[in-house]
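Below is one structure, written out as structure tokens; comments come after it.
The values are calculated or read from the model by the stated rules, or taken from the named source; none is laboratory data. Only a predicted model underlies this, so the values are computations on that prediction, with no experimental measurement involved. Backbone-built Cβ (ideal geometry, glycine too); neighbour counts: all protein chains shown. For the accessible areas, the whole protein counts, side chains as well, though only heavy atoms, and no ligand, DNA or RNA atoms are used. Shrake-Rupley method; radii C 1.70, N 1.55, O 1.52, S 1.80 Å.
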Amino acid sequence: MTPAELNAAVVAAVRGAVDEGEFAVPVPGRVPVTVTADGDYATPLPLRLARDAGRPAKEIAELLADRLGRMPGVGDVRVTGPGFLSIGVSASLIARIDETYGVVPVPVPRATWPERPLTFDNPGFVVRFAYARAAAVRRQAADLGVHAAEGPLTDPREKRLLALLAEFPSRAEQAARTGDPRPFTRQLELIADAYHDVHEWCSPLPKGDEIITGHHSARLSLAEAAYIVLGNGLRMLGETPNDRL
């Protein structure tokens, strides 16, 4: 589920609750959403709706959580704090990431990072190295007989990467619409940072005599998704991605 789809789902949940008389509020057009450190989407919308409805925010949040939990494509939905909604990004997003993912018909303004230094102080190196790392994982996985497949991704680092991948198309559209590539390049930097964390702590490659399981396959599918998105992003900025640095 992308941020735009999440926005539509939450708006639909509010509209359904209003139409069925669960509470009375103006139906919002847009929903404030942030990505948490755990990689979930979070929205304080129930706090705002509670004021209009004259009902406890937690009660509003629980009604919306129940509706959202029954919608296709929505991951785990929880009520936290005084009435925040926390919504997980479903790993099924990966099946939609292909060579066309995020590519917009209007060109994104060209931008680039410096070639050097080849250190993590250079955001360009961070992005290019993440792409090369994901490419290496694909090669090594093929040698080891690990095949990508859909499966649960529960580590907060994996969930954060998923959420950032979900935002990629909207950042590309924003850059093409406004002519400002900075939010788009920043999104690539965030995706690369998140992928480096996943690479270090959630490897899809078995170690030693470790038996290959569906967990490895699910993690490989995430690495392949990152590889595609980073490659698409670099090409949209006018670079030719390099599988080896």
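Give the peptides 4-13, 30-39 in descending order of average Cβ contacts within 10 Å, highest first. Let's see the in-between values first.
Details: 4-13: 18.5, 30-39: 15.3.
Those peptides, ordered most packed to least, come out 4-13, 30-39.
Of the residues Leu144, Leu161, Leu245, the one with the largest accessible area comes first in the ranking Leu245, Leu144, Leu161, computed with a 1.4 Å probe on protein heavy atoms. The residues of the chain expose, per residue, 48 Å² of accessible area to a 1.4 Å probe. Among the chymotrypsin sites (Phe, Trp or Tyr not before Pro) found in the range 118-175, those both in a DSSP coil and sparsely packed, with 15 or fewer other Cβ atoms within 10 Å of their Cβ, are Phe120. The angle between the Cα long axis of helix 182-201 and the longest principal axis of the Cα atoms of the chain comes to about 70 degrees, rounded to the nearest 10. Taking amide hydrogens as placed 1.01 Å from N in the peptide plane, the amide H of Asp76 sits under 5 Å from those of Gly88, each at least 5 positions away in sequence or on another chain. Here the average projected area of the convex hull drawn through the C-alpha atoms of the chain stands at 14.5 nm².
Run the accessible area of the chain with a 1.4 Å probe and give the carbon-and-sulfur part as a rounded percent. Display every interim value, and only then the final one.
Working: 6200 of 11820 Å².
Reported share for carbon and sulfur atoms: 52 percent.
When the trypsin sites (Lys or Arg not before Pro) in the range 85-150 are filtered for DSSP coil states and for at most 11 other beta-carbon atoms within 10 Å of their beta-carbon, the remaining sites are Arg110. What is the angle, in °, between the Cα long axis of helix 156-178 and the longest principal axis of the Cα atoms in the chain? Nearest 10 is fine, range 0 to 90. Between the helix axis and the principal axis of the chain, the angle is about 90 degrees.
Based on DSSP H runs of at least 4 residues, each adding -39500 (n - 2.57), what is the mean residue ellipticity at 222 nm of the chain after dividing by all its residues, to the nearest 500 deg cm²/dmol?
-17500 deg cm²/dmol
Ordered from highest to lowest accessible area with the whole protein assembly present and a 1.4 Å probe, His199, His215, His147 read as His147, His215, His199.
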